[in-house]
Each structure stands twice: as structure tokens, then as C-alpha cells.
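Each remark here refers to the structure printed beneath this line.
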Amino acid sequence: MSLTPFRFSYGPQVRSGPGSIVQLGDLLTAGPVLFVTDAGVRELGLADEAIAVCPDPVVFDRVEADPLRDTLLACVEAGRAAGATAVVGFGGGSPMDVAKLAAYLLGSGDDLDRIWGVSNARGTRLPLVLVPTTAGTGSEATPVAVITLSDAEKRGVSAPVLVPDHAILDPLLTTGLPRAVTAATGLDAMVHAIEAYTSRHLKNPVSDMLARQALQLLSGHLLRACDDPGDLEARGAMLLGAHLAGVAFANAPVGGVHALAYPLGARFHVPHGVSNVLMLGHVLRHNMVAAMPLYAELAPILDPSLAALGGQGAAAGFIDALDRLATATGVPRRLRDVGVAEADLDQLAADAMLQTRLLGNNPRSIEQADAHRLYAAAL
């Protein structure tokens, strides 16, 4: 075993289990509480119980997919006008990311444009609780929040202060997810685990352990959750797997798959999980020259028979197994299926090169010509 020094942060305090959302009020002091969510969650009634136990809730439910800078600033202004003393993020990755940055900007008074990038947010934030209603992003476990700018660029803030104080993992909140959302978010979480396991700079024994456990939970329960939305055991396993993958990539950051996925979300509004799946196999095959032994190590988690192949065979089998699983869930498999044309590839490749924070973590370098080739392969 390697004795290479490493650092690891375990993330928020967690409360888990069916019905655990009722404990939200125990985690909050006197209000007002800025409650950040989206219109879809409100319409489904998923947030009703959570809002009811919040002291003096101020609900901001205008968060969209791939949240915009203006949305974030409007949320901050709503919290400031109400004199918010704490923030709750309730929903998928978009509301949680907005809640994280709102809590920081309200608590610190910093200017958003001064904190983009890694470790530039060094102030204090308001108390923060995050409640995922999808099993995918792992945002409740990570120090990262991503916002879409007006020029269709996604930009992130990564800093330890964005990790929440508490996370609540209640599988009852995920049973109403449509199959398409269950599939896309679950596959997104699997990408988090795989990229954490192969992260170039910060891979470590603890993140490896969590990534492997996450991949086992997610791959073993994804189709069950898709086929039987009310299967609480499967839903709970998916939620825990997504969280563990989030803790893993909070410490060993994601790489090239995400770097090439972000432009698809920003320019074509492809759901984040779908954009990751569209690029997953192509980026992993590009990475084989550098990451083949690691893919071979993960292969038996998806298919125990691959262990006998070893090396190149197991690694190739791992990527093929991921392709088969994605196809079985019914998510789109080609860029053309989500509106991308050949004429768009130059711009997408240029956009991907802006994701320097992510590209530096990939096990093999991805240059602009590589990105263009990978988008073309996915078309």
C-alpha cells in the first residue's frame, strides 16, 4: 500500500432514512430561513413538509436547470431583504448549488466575481442545510457550485466553505422521480465515482474506497429504481451511492467527462446527467492509455466475469458494460439526439478548453483537437 501523503475531508453531518426530512427543523435555529428550491419541486408538493418545519421560511423557488448568474443574485437579494439567518437548499443539483453560493455571499458579503475558481472564497457563510431530491449530483457533499453565465459559459466556485453543515438523505423524496430523471441522475453519480477513482492529482485511498462503494450501490440499483419507482431499498441505495460519490469527488475531483459535458448543458440545455453519459464512453476510451489499470480494477463491480480478463480486456469490458447500462435506462446516446449538429462541434471544443479546473484532473491530456474528435465520435 502506498504511503504517499494525502488530505481528506469527510463533508457534512448526515441524517438518512425514510421520513428523515422531519428532522430538518431540529437543525435550524430561529429564522428567517431562506428556502431555495425550484418550481417543479413546489408543484409536486415535495417541499411542503420541509417548509412547514422551517422557522419563518422565505421561499425562493425560481431556480432553473443550469442556474443563471441573475437567478443566483436574485436569490441572494431575497435572502438579504428578509434578513435570512440560515439557508436550506432543497431539490436537485441546481437549487443546492444556488443555496451554497447564496449562503456564502450572504454571510461573507463577498462579490461573486472575486470568488470564481478554486479556494478564492475564504469568508464565512450562513448556516446551511442541503436536501437532495435526486440521487445524482452529490452537491450536498461537495465544495463546488456551478453557475451558467450569460455567454453560455459555465463557471464554478470550489472552496471548503461551500460544504454544508448538514445533509438529509430521505429516499421518500425521490420516489416520484420520472424514469428519465432517475436514469440521468444515477448515471451522473456513477460518472462522479469513476472520475474520482481516476483523478490525476488528488486520488487517495479514502476517496478510492468511497468511489468503489458508490459505484457498487449505484450500478446495482439503478435499473431497479428506474423500473420500480417506489422501491425504497433501491431509492435509498441510489441516494447513499450518490452521496458517497459526492464525498469522493469532493476530495478527488472529476475530469474530462465533466469538462466536455458542461458545454452541452450551457449551450444546448442538456440535463447534466445526460450530457455526462453522452461523453462518458468516448472520454474513457481516450483515457485508456493512462487509466487502463484503474478501469480494470473497477470492472468487476459492474460485471464480476470481467475479473478473469484482466488488464486491457477488463478495462474495455468495463466501458462496454457502462454503455449497455446507459442504453438499458433509455437515456439519449448520441449528440444528434439532443440537437447538436456537426456545425456546432468547433464551438463545443473551444468551450471545453475553458474548463481548465476539470481538464487538469483528467488522467490523460485533452487538447482542443481531442475534444473536437470526441464530440464528433459522440455525434
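Derivation of every value follows stated rules applied to the coordinates shown; laboratory data play no part. Everything quoted here is computed from the prediction, not taken from an experiment. When we count neighbours, we look across all protein chains shown, and the Cβ atoms used for this are built from the backbone with ideal geometry, even at glycine.
Okay, here's what the table says:
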{"item": "Relative contact order (%) - the chain, alpha-carbon pairs under 8 angstrom, separation at least six", "result": "15 percent"}
{"item": "GNM result for the chain, Cα springs below 10 Å: residue of 173, 309, 130 fluctuating most strongly", "result": "309"}
{"item": "Sites residue 65 and residue 22, calculated FRET efficiency, Cβ-Cβ separation with R0 35 Å, nearest 0.05", "result": "0.80"}
{"item": "Where Rh is the Kirkwood radius over Cα pairs, Rg/Rh for the range 13-173", "result": "0.93"}
{"item": "The range 33-111: relative contact order in percent, alpha carbon pairs under 8 Å with at least 6 residues between", "result": "39 percent"}
{"item": "Residue with peak Gaussian network fluctuation, the chain [Cα springs, cutoff 10 Å], from 135, 316, 369", "result": "369"}
{"item": "Estimated Rh, the range 73-157: Kirkwood, alpha-carbon pairs, angstrom", "result": "13.1 Å"}
{"item": "Interchain or long-range residues, amide H under 5 Å from residue 202's placed H", "result": "none"}
{"item": "P(r) tail fraction, the chain - alpha-carbon pairs more than 27 Å apart, %", "result": "44 percent"}
{"item": "Value of D in µm² per second that Stokes-Einstein yields for the range 177-378, Kirkwood Rh from Cα pairs, at 10 °C (1.306 mPa s)", "result": "95 µm²/s"}
{"item": "Potential extension, residue 289-residue 124 segment - 0.36 nm per residue separation minus Cα distance", "result": "55.1 nm"}
